[in-house]
Amino acid sequence: QVQLVESGGGLVQPGGSLRLSCAVSGSVFAITTMDWYRQAPGKQRELVASITSGGNTNYADSAKGRCTISRDNAKNTVTVQMNSLKPEDTAVYYCYAELKTHAFRLFRDYWGQGTQVTISS
């Protein structure tokens, strides 16, 4: 069974930094994209940043210049470094991966359970 487990959320003052990490465990055969999404109260879930297996990255406009996404293909992990955090960055952050397992050789969507990020003084 595949699991995505996030870590690194918490309470940070405006202007501070956080590093979120996500580890994929289980019988993974291949992973294409690994992304970070976020969902604030009363809002839709939105993409923060994504990275392909080849290292190509894409950022939401709100994340450009403040966030850096990276991944370790050997360890099946993805990390996002977030700097200059603002109160509007407060949300639950979710890790996402499109992957296929050894048992089921079709790509499917997998999500982590989410980690709370709160930016407040």
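The values are calculated or read from the model by the stated rules, or taken from the named source; none is laboratory data. Just so you know, these numbers come straight off a predicted model, no measurement behind them. No Cβ is skipped: glycine too gets one built from the backbone with ideal geometry, and neighbour counts run over all protein chains shown. These area figures cover heavy atoms from the full protein model, side chains too; ligands, DNA and RNA do not enter into them. Shrake-Rupley method; radii C 1.70, N 1.55, O 1.52, S 1.80 Å.
Quick look at the numbers
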| read-out | value |
| --- | --- |
| Residue, most open to solvent (accessible area, probe 1.4 Å), within segment 108-121, restricted to residues that are more than 15 Å from SER21 (Cβ to Cβ) and of a type in the set (Gly, Ala, Ser) | SER121 |
| Which numbered condition SER50 misses (of (1) closer than 16 Å to SER25 by Cα; (2) in contact with a Ser or Thr (Cβ under 6 Å, 6 or more places away or on another chain); (3) at pLDDT 95 or above) | (1) |
| Residue in segment 5-15 that is free of Cβ contacts under 8 Å to residues at least 24 places away in the same chain, open to solvent by 20 Å² or more (accessible area, probe 1.4 Å) and either in a strand (DSSP E or B) or over 30 Å from SER120 (Cα atoms) (or both) present | no |
| Pick from segment 40-57, criterion within 16 Å of THR118 (Cα to Cα) and open to solvent by less than 60 Å² (accessible area, probe 1.4 Å), ranking: nearest to the chain's Cα centre (by Cα) | VAL48 |
| Selection count where residues are farther than 14 Å from ASN76 by Cα, in a strand (DSSP E or B) and open to solvent by 30 Å² or more (accessible area, probe 1.4 Å), scope segment 16-37 | 2 |
| Enumeration of residues in segment 31-90 that are more than 21 Å from VAL5 (Cα to Cα) and among the charged types (D, E, K, R) | LYS43, ASP61, LYS64, ARG66, LYS86, GLU88 |
| Within segment 53-121, strands (runs of 3 or more DSSP E) holding 3 or more residues that are hydroxyl-bearing (Ser, Thr, Tyr) | 91-101 |
| Hits in segment 64-77 - residues which are open to solvent by less than 50 Å² (accessible area, probe 1.4 Å) and over 12 Å from the mean Cα position of the chain (by Cα) | ARG66, ASN76 |
| Total residues in segment 81-107, condition open to solvent by 60 Å² or more (accessible area, probe 1.4 Å) and modelled with pLDDT under 95 | 6 |
